Structures are given as structure tokens and as C-alpha cells.
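The values are calculated or read from the model by the stated rules, or taken from the named source; none is laboratory data. Everything numeric in this text was worked out from a predicted model, so none of it was measured. For neighbour counting, all protein chains shown are included, and Cβ atoms are generated from backbone atoms with ideal geometry for every residue, glycine included. SASA here: full protein model, heavy atoms, side chains in, ligands and nucleic acids out. Shrake-Rupley method; radii C 1.70, N 1.55, O 1.52, S 1.80 Å.
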Amino acid sequence: MAAVTIDLIKALRDRTGAGIMDCKKALLSTDGDIEKAIDFLREKGIAKAASKASRTAAEGLAAFRVCDKCGKAAIVEVNCETDFVSASDKFHALVEGVLDILMEKEPATVEEARELTAHLFADATVAMGEKFDLRRFEIVKLEEGQSFGVYSHMNGKIGVLVQFDKAVAEIAKPIAMSIAANNPSYIALEDVPAADRDRERNIAKAEVAADPKLAGKPEAMLNNIIERKVDKVLSTSCLTLQGYILDPNQTVGQVLKAADAKVIKFFRYQVGEGIAK
């Protein structure tokens, strides 16, 4: 059996971040073969991750990567259990590694992305001892003339990626900032899905029916009031009707119109949103 030296243990620890005793055990179990020892620790990490499956990973980072040369960008949310770990260099390296793979492999689903990055998460569990998750991602490709806008808020707690129909260097980041601040659900009123409009319409109908001041009014008038109510509620969730962060007296739509530009799509990731803690 090969001698398990302090230098060998230190080398394994430097590469995996595992504890000294875990490194020693891995090397003893693999006859001092450092590559096999890494695999041993990764397998151990997978076992640890399985044992942590019921725990909540609601901290983490929302990060993005833009490649202007290849006209492609990716945004991702990677979760961990604690805010302390989310601020660590090791966790940031994990997220960067995930972005590397997303940009190169362009997986079509979260399941595929998780398979491609499984080794990174196994290594991370060995090194940091927490539950980790690749929660969601998007990959966006530009067509000729189009451009990106990005913004990271609160050290990666909110990440925004915007696709514009043209180059809009001066307003790209401020509009991404507006999205971060205002959290729109749609670009414009015409983009609201029929199901969402129907839900708001049913609420407005109930409000109108319960208003004694509107009793006996013509049906056409009531329908007009209902639609105005629906538009008023939905407008608060539409990007183009929300305030522009650099000048609240203007809407984002007015700023886009002045630049003769449009937002094609946007993604706003807030770490942990919707996860029951």
C-alpha cells in the first residue's frame, strides 16, 4: 500500500475542500491514488446530498453570462442552504462552472442541465457540506442587430437579463434595473395571457355587481368599466407601463419609444422566490 503522507492529504484537501480526516480515509481506501480518492469523496458527497434532500436550499445566487462575440447569454439560479455559503468563493466558483457548461452545452431542460453539472454539485457537497440545487436557467440567442441588457442587484440576490430588438447601450442597464426594482410579469398589456385577463375580469365583474352606485346602469357601460378596471390592475405588472428607474416621471415604454426600441423578452430571477422556507 502506498504511503499516505501529509503532503498527499494536503493536495487532496486543496483540490476538494474536504476535511483532513475525510481526505486521509479516502486515500487509505484507494491505496494513495489521488484521482480515485477524489472519486471516493465525490461519491461520499452524493451520499451526503441524498441525506440532505429534505432540507431547504433557498439561498444562493442569480447570475448571468453574456458572450457578445457569439451573441448568446445565459441566466441561472443556483441555490444553497445558507447565506454564508452563498457569499463564499467556492460557491461563486460553482456558479461560474455551471454557467460554463450552460453556455457550452446549451441544455434544453433543467433535468438535462442537472445531469451535465452533477459532478460540479457532487464536488461542491464534498467541499461545502450543504444541499445545492440548479433551480432554473435560460439561454438566449441574439438575431442580427439585437442586444442584451443585464443587471445584478444585492450581490446576486436578483439577476436580470433583457433582450432588445436593437443596440440600446445607454438605456439597456437602466431598463434592467427597472425590471429588478418593479418586478413586471409582462412586457405590455397585449402580452397578458387570456387566462390572467379572465381572472382579473371575474374579480372586476364581482366588484361592479356589488357596487350600488352602478345598479341599473346599461350593460355596455358596465362592460367598459370592467375592462378599465382590468387594464388598471394589469398595467401595474406591465414593464412598458411602469416607471423608469432613472426618471419616475417617464414610463419604460416612453423611454423605449424615444429610442425607437422594443424589449423582446426579459428574465428576472430573485433568489429563493416561491420556495417555502
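Details
- Of all residues in the stretch 247-277, those satisfying the criterion of being of a type in the set (D, E, K, R), open to solvent by 80 Å² or more (accessible area, probe 1.4 Å) and either part of a strand (DSSP E or B) or in contact (Cβ under 8 Å) with a residue 40 or more places away in the chain (or both) are ASP260, LYS262, LYS265, LYS277.
- When GLY145 is tested against the conditions (1) out of contact with any Lys or Arg (no Cβ under 9 Å at 6 or more places or on another chain); (2) among the small types (Gly, Ala, Ser); (3) surrounded by fewer than 14 Cβ atoms within 10 Å (Cβ to Cβ), the lone failure is (1).
- Residue match in the stretch 185-202 (condition: within 20 Å of VAL271 (Cα to Cα) and in a loop (DSSP other than H, G, I, E, B)): yes
- From VAL208, VAL160, residue being open to solvent by less than 80 Å² (accessible area, probe 1.4 Å), in contact with a Phe, Trp or Tyr (Cβ under 6 Å, 6 or more places away or on another chain) and outside any loop (DSSP other than H, G, I, E, B): VAL160
- Selection within the stretch 89-119 - modelled with pLDDT of 95 or more, of a type in the set (A, V, I, L, M, F, W, C) and open to solvent by 20 Å² or more (accessible area, probe 1.4 Å): ALA93, ILE101, MET103, ALA108, VAL110, LEU116
- Here the stretch 211-227 is the region considered, the condition is being open to solvent by less than 80 Å² (accessible area, probe 1.4 Å) and acidic (Asp, Glu), and the residue that is nearest to ILE175 (Cα to Cα) is GLU227.
- Residue within the stretch 55-64 that is surrounded by 15 or more Cβ atoms within 10 Å (Cβ to Cβ), among the hydrophobic types (A, V, I, L, M, F, W, C), in contact with a strand residue (DSSP E or B) (Cβ under 8 Å, 6 or more places away or on another chain) and at pLDDT below 95 present: yes
- Note on the stretch 5-54: among residues that are part of a loop (DSSP other than H, G, I, E, B) and hydrophobic (A, V, I, L, M, F, W, C), the one that is modelled with the highest pLDDT is ALA18.
- Residue count for the stretch 228-242, restricted to those that are in a helix (DSSP H, G or I) and either touching a residue at least 40 places away in the same chain (Cβ under 8 Å) or surrounded by 19 or more Cβ atoms within 10 Å (Cβ to Cβ) (or both): 7
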